[in-house]
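J.: Encoded as structure tokens, here's the structure I'll be asking about.
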Amino acid sequence: MVANATQKVTGAENVLWDLSVFYAGIDDPALQRDMDNLRDVVESFAARYKGRVAQLDTEEMVDAIKELESIYDSQGRIGSYASLLFSTDTNNPQYGALVQKVTEYGAQINQKILFFELEWNLADDAHAQQLISHPTLAEYRHMLEAERRYKPYQLSEVEEQLLVEKSVTGRNAWTRFFTQLLGALRLDYRGEQLTLTQVLTKLHDADRDTRRDAAASITAALKGKAMELSYIFNVLAADKASDDKRRGYPTWITSRNLSNKAPDAVVDALINAVTSNYEIVARHYRLKRVLLGYDDLTDYDRYAPLPVKEGDSFYTWDEAREIVLKAFSVFSPRMAEIAARFFDENWIHAPVLPGKRGGAFCAFTVPSAHPFVFVNYEGTARDVMTLAHELGHGIHAYLAGEAHGIFGLNTPLTTAEMASTFGEMLVFNDLMSKESDPEVRLAMLAHKLEDTFATVFRQVSMNRFEDAFHTARRTQGELTAERIGELWMGTQQQMFGDSVALGEHYKAWWSYIPHFLSTPGYVYAYAFGELLVLALFNIYQQRGAEFVPQFVDVLAAGDSDWPDQILAKVGVDLTDLNFWNEGLSIVRGMVEQEEALARQLYPAKFA
């Protein structure tokens, strides 16, 4: 039993999503009926088009793609329902069984339609270009063009089918086990049995003993599962190495950059810009150490609130809703209108529950349904920002799906963070503009900086860990938990320099981060998105109202074009390798503002 007597009532306890847009329940006969019908549709599709894709004329190609859209939408409805249900209770055996059933079913479907993209990539370049540039296929131009970037790494149909099949009992199975393992994990915190999410929240507590005990509790739990967690990490790293070798990807990150439609030079420029500016992080934490009055700042002090007056640090669900919708409305009534539907039509799952997956996400699902937002809401200011973040994703998905259907719905991960991070900035700026007390402003600025550090610098430092981990796994063989911990500590300490002392216990904290397993290479996309949004927000402040419809159009563009082409419409040049310094200069300016405000308020501390 998870203890929750110490948790405040937020009003989010009964905020549950309504998945009936998909199915009435786990036993709804329509679920199996749809699976059977889709299997028949796919077999008919394959019978009509297999072996002919490279020779299709424009009209035939349009018909085939429209049918594919319907297939992917139907498959997405089934998969979305199973995964969303499972995320609310990873320990429910019925939900787990459904996820596995749908995963195996999805692999079967994917094997049968793989031929389409494989044959398209084998089409003669001249014929392919003729179709791509034809007005009849204008709606699908980018989809057809972008698919061919995988041509050099494509395997035979049999090999591709085998990779899909083995993922069911390989990567997908191990990732699910990791999710269930952490979902079932109970941490002993001062005699209470709490979830990982609940204890992680305590790292933001004002009391240092509370934070220290929380860190010790997390470490003990992770070390207790070190064998399982390190084995999962090793297996999945080896699995990725095998796939990358077979496809001929030159590095562990190549496939992620291709998926993100991000040239290697752009990603390298981002990583180099951030790592060469780690001093920005150190400046903040040196200041924080002085304000806290500590001789040394430790890893469990990173998120400690400053010992200054703060605004209302606890927000009910209704208050969070009002804050977010008002901030969105001031910027764009259209965005606020879409966000309101998430609350009014039960598109959000908010309470902290036993077995519920930790963290937060937005599931884009499919155009025939709508997005869903998943949070673990406990009433903190950070939770309000997280809600704004995920609703930003939801708005992005809603607009893109409405404008371009399923092939324009899922943007690359790098630009997927645009609306979410912009939404956070809207809420933060709105709250800051209404706050006149300089102490509260300092506290808010510190919180925002630490969120930005977590999104930009920490994610890049985790990218450096992934790089070290995958490289070591490929050159040294299976790695012990201790060795992985060494790689983790080395890359994390670089970010803080001498400003934060990472304790020996922190060596185990790589092992609970799901992105490393479910989406290798993902983390740099957060830094990409945050720095991009800082630049976009700067443009907004310069242009004012004229920027708003341009930004909404960028969101609605979704994945309908290359990211640099979409963003060029609002004056952003992603091909400029110095672009990232613009966002970093804004962060540096925020630290300078924080330092000046702190010295103004507490001159004696800096004498």
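The values are calculated or read from the model by the stated rules, or taken from the named source; none is laboratory data. Predicted model only: the values in this text are computed from it and were never measured. Because the Cβ atoms are built from the backbone with ideal geometry, glycine has one as well, and the counts that use them run over all protein chains shown.
J.: Restricting the range 144-196 to residues that are of a type in the set (Ser, Thr, Tyr), more than 30 Å from residue 119 (Cα to Cα) and not in a helix (DSSP H, G or I), which is farthest from the chain's Cα centre (by Cα)?
T.: Restricting to residues being of a type in the set (Ser, Thr, Tyr), more than 30 Å from residue 119 (Cα to Cα) and not in a helix (DSSP H, G or I), the top hit is 189.
J.: Looking at the range 357-366, which of its residues are in contact (Cβ under 8 Å) with a residue 60 or more places away in the chain and crowded, with 20+ Cβ neighbours inside 10 Å?
T.: Once the filter is applied, which keeps residues that are in contact (Cβ under 8 Å) with a residue 60 or more places away in the chain and crowded, with 20+ Cβ neighbours inside 10 Å, the range 357-366 yields 357, 363, 365, 366.
J.: Looking at (1) surrounded by fewer than 14 Cβ atoms within 10 Å (Cβ to Cβ); (2) over 20 Å from residue 109 (Cα atoms), which is the one condition that is false for residue 85?
T.: With (1) surrounded by fewer than 14 Cβ atoms within 10 Å (Cβ to Cβ); (2) over 20 Å from residue 109 (Cα atoms) applied to residue 85, the lone miss is (1).
J.: Something else now. Collect the residues in the range 60-106 that are over 16 Å from residue 23 (Cβ atoms) and among the aliphatic types (A, V, I, L, M), keeping them in residue-number order.
T.: Scanning the range 60-106 gives 61, 62, 64, 65, 68, 71.
J.: Which of the helices (runs of 4 or more DSSP H) contained wholly in the range 367-435 include at least 3 residues that are surrounded by fewer than 22 Cβ atoms within 10 Å (Cβ to Cβ)?
T.: 381-404, 418-434
J.: Being under 22 Å from residue 86 (Cα atoms) and hydrophobic (A, V, I, L, M, F, W, C) narrows it down to one residue among 123, 184, 146, 128; which is it?
T.: On the way: 123 fails: under 22 Å from residue 86 (Cα atoms); 146 fails: under 22 Å from residue 86 (Cα atoms); 128 fails: under 22 Å from residue 86 (Cα atoms).
184 is the lone residue from the list that is under 22 Å from residue 86 (Cα atoms) and hydrophobic (A, V, I, L, M, F, W, C).
J.: Still on this structure, please answer the following. What do you reckon, is residue 160 touching a residue at least 40 places away in the same chain (Cβ under 8 Å), among the acidic types (Asp, Glu) and farther than 28 Å from residue 248 by Cβ?
T.: No; evaluated as a whole, the condition is false for this residue.
J.: Go through the range 493-513 residue by residue and tally those that are closer than 24 Å to residue 175 by Cα and not in a helix (DSSP H, G or I).
T.: Summing the residues that are closer than 24 Å to residue 175 by Cα and not in a helix (DSSP H, G or I) in the range 493-513 gives 1.
J.: Same structure, new question: Could you give me the residue pairs with C-beta distances under 7 Å whose first residue belongs to the range 446-468 and is within 21 Å of residue 389 (Cα to Cα), whose second residue is part of a helix (DSSP H, G or I) and among the small types (Gly, Ala, Ser) wherever it lies, and which are 6+ apart or on separate chains?
T.: 447/381; 455/527; 456/527; 459/527; 460/527
J.: Let me ask something else about it. Could you grab me the full set of residues in the range 48-70 that are in contact with a Leu (Cβ under 7 Å, 6 or more places away or on another chain) and without any contact (Cβ under 8 Å) to a residue 60 or more places away in the chain?
T.: If the condition is that a residue be in contact with a Leu (Cβ under 7 Å, 6 or more places away or on another chain) and without any contact (Cβ under 8 Å) to a residue 60 or more places away in the chain, then 64 is the only one that fits.
J.: Now a separate question. List every residue pair whose Cβ atoms lie under 6 Å apart, where the two residues are 6 or more positions apart in sequence or sit on different chains, the first residue falls within the range 503-532 and is more than 25 Å from residue 426 (Cα to Cα), and the second residue, located anywhere, is small (Gly, Ala, Ser) and surrounded by fewer than 24 Cβ atoms within 10 Å (Cβ to Cβ).
T.: Every condition considered, the pairs that remain are 507/485.
J.: Can residue 499 be described as under 16 Å from the mean Cα position of the chain (by Cα), surrounded by fewer than 22 Cβ atoms within 10 Å (Cβ to Cβ) and either touching a residue at least 60 places away in the same chain (Cβ under 8 Å) or farther than 20 Å from residue 182 by Cβ (or both)?
T.: no
J.: Still on this structure, please answer the following. Considering only residues that are of a type in the set (Val, Ile, Thr) and either in a helix (DSSP H, G or I) or surrounded by 13 or more Cβ atoms within 10 Å (Cβ to Cβ) (or both), which ones fall in the range 472-492?
T.: Hits for the range 472-492 are 475, 484, 491.
J.: Pull up the range 448-463, narrow it to residues that are at pLDDT 95 or above and among the polar types (S, T, N, Q), then point me to the one that is surrounded by the fewest Cβ atoms within 10 Å (Cβ to Cβ).
T.: Here the answer is 459.
J.: Sticking with this one: Could you pull out the residue among 467, 383, 430 that is charged (D, E, K, R) and either under 15 Å from residue 552 (Cα atoms) or modelled with pLDDT of 95 or more (or both)?
T.: Every option except 467 fails the conditions.
J.: Sticking with this one: With the range 515-607 as the region, which helices (runs of 4 or more DSSP H) entirely inside it contain at least 1 residues that are aliphatic (A, V, I, L, M), more than 25 Å from the chain's Cα centre (by Cα) and surrounded by 20 or more Cβ atoms within 10 Å (Cβ to Cβ)?
T.: Output list reads 580-601.
J.: From 340, 282, 336, 304, grab the single residue that is touching a residue at least 60 places away in the same chain (Cβ under 8 Å), in a helix (DSSP H, G or I) and among the small types (Gly, Ala, Ser).
T.: Being touching a residue at least 60 places away in the same chain (Cβ under 8 Å), in a helix (DSSP H, G or I) and among the small types (Gly, Ala, Ser) holds for just one of 340, 282, 336, 304, which is 282.
J.: Same structure, new question: Could you grab me the full set of residues in the range 61-73 that are surrounded by 14 or more Cβ atoms within 10 Å (Cβ to Cβ), over 16 Å from residue 117 (Cβ atoms) and acidic (Asp, Glu)?
T.: The one that is surrounded by 14 or more Cβ atoms within 10 Å (Cβ to Cβ), over 16 Å from residue 117 (Cβ atoms) and acidic (Asp, Glu): 73.
J.: For the range 207-236, which residues satisfy the criterion of being assigned to a loop (DSSP other than H, G, I, E, B) and in contact (Cβ under 8 Å) with a residue 12 or more places away in the chain? Can you show your working first?
T.: At the first step, the residues of the range 207-236 found to be assigned to a loop (DSSP other than H, G, I, E, B) are 207, 225.
Within the range 207-236, 225 is the sole residue that qualifies.
J.: Suppose we filter the range 15-29 for residues that are loosely packed, with under 12 Cβ neighbours inside 10 Å and either farther than 28 Å from residue 370 by Cα or aliphatic (A, V, I, L, M) (or both); how many remain?
T.: Final tally of qualifying residues: 1.
J.: May I ask you to verify whether residue 598 is in contact (Cβ under 8 Å) with a residue 12 or more places away in the chain and either within 30 Å of residue 406 (Cα to Cα) or touching a Pro at 6+ places or on another chain (Cβ under 6 Å) (or both)? Spell out the reasoning first.
T.: Working: in contact (Cβ under 8 Å) with a residue 12 or more places away in the chain: yes; either within 30 Å of residue 406 (Cα to Cα) or touching a Pro at 6+ places or on another chain (Cβ under 6 Å) (or both): no.
Against the criterion (in contact (Cβ under 8 Å) with a residue 12 or more places away in the chain and either within 30 Å of residue 406 (Cα to Cα) or touching a Pro at 6+ places or on another chain (Cβ under 6 Å) (or both)), residue 598 does not qualify.
J.: Is one or more of the residues making up the range 29-50 more than 29 Å from residue 357 (Cβ to Cβ) and assigned to a loop (DSSP other than H, G, I, E, B)?
T.: Yes, that holds for at least one residue.
J.: Has the range 8-17 got any residue that is in a helix (DSSP H, G or I) and either among the hydroxyl-bearing types (Ser, Thr, Tyr) or more than 30 Å from residue 320 (Cβ to Cβ) (or both)?
T.: No.
J.: Kindly evaluate residue 242 against the criterion of being surrounded by fewer than 20 Cβ atoms within 10 Å (Cβ to Cβ), within 30 Å of residue 261 (Cβ to Cβ) and at pLDDT 95 or above.
T.: yes
J.: Filter the range 172-184 for residues that are closer than 16 Å to residue 510 by Cα and not β-branched (Val, Ile, Thr); which is surrounded by the fewest Cβ atoms within 10 Å (Cβ to Cβ)? Break it down stepwise before answering.
T.: Just the residues of the range 172-184 that are closer than 16 Å to residue 510 by Cα, to begin with: 175, 178-179, 181-182.
Imposing the further condition that a residue be not β-branched (Val, Ile, Thr) reduces the set to 178, 181-182.
Working: 178: 22, 181: 15, 182: 21.
Top of the filtered list is 181.
J.: Given the conditions (1) buried (at least 18 other Cβ atoms within 10 Å of the Cβ); (2) assigned to a helix (DSSP H, G or I); (3) not acidic (Asp, Glu), and given that residue 123 satisfies all but one, which numbered condition is not satisfied?
T.: (2)
J.: Could you check, for the range 36-47, whether at least one of its residues is without any contact (Cβ under 8 Å) to a residue 40 or more places away in the chain and surrounded by 13 or more Cβ atoms within 10 Å (Cβ to Cβ)?
T.: Quick first cut of the range 36-47, residues without any contact (Cβ under 8 Å) to a residue 40 or more places away in the chain only: 36-37, 40-41, 44, 47.
With the extra rule that they be surrounded by 13 or more Cβ atoms within 10 Å (Cβ to Cβ), the set shrinks to 41.
For the range 36-47, residues without any contact (Cβ under 8 Å) to a residue 40 or more places away in the chain and surrounded by 13 or more Cβ atoms within 10 Å (Cβ to Cβ): present.
J.: Just checking, how many residues over the range 237-266 are part of a loop (DSSP other than H, G, I, E, B) and either touching a residue at least 24 places away in the same chain (Cβ under 8 Å) or under 19 Å from residue 525 (Cβ atoms) (or both)?
T.: Of the range 237-266, the ones part of a loop (DSSP other than H, G, I, E, B) are 248-253, 260-263.
Those still in the list that are either touching a residue at least 24 places away in the same chain (Cβ under 8 Å) or under 19 Å from residue 525 (Cβ atoms) (or both) too: 248-249, 251-253, 260-263.
The total comes to 9.
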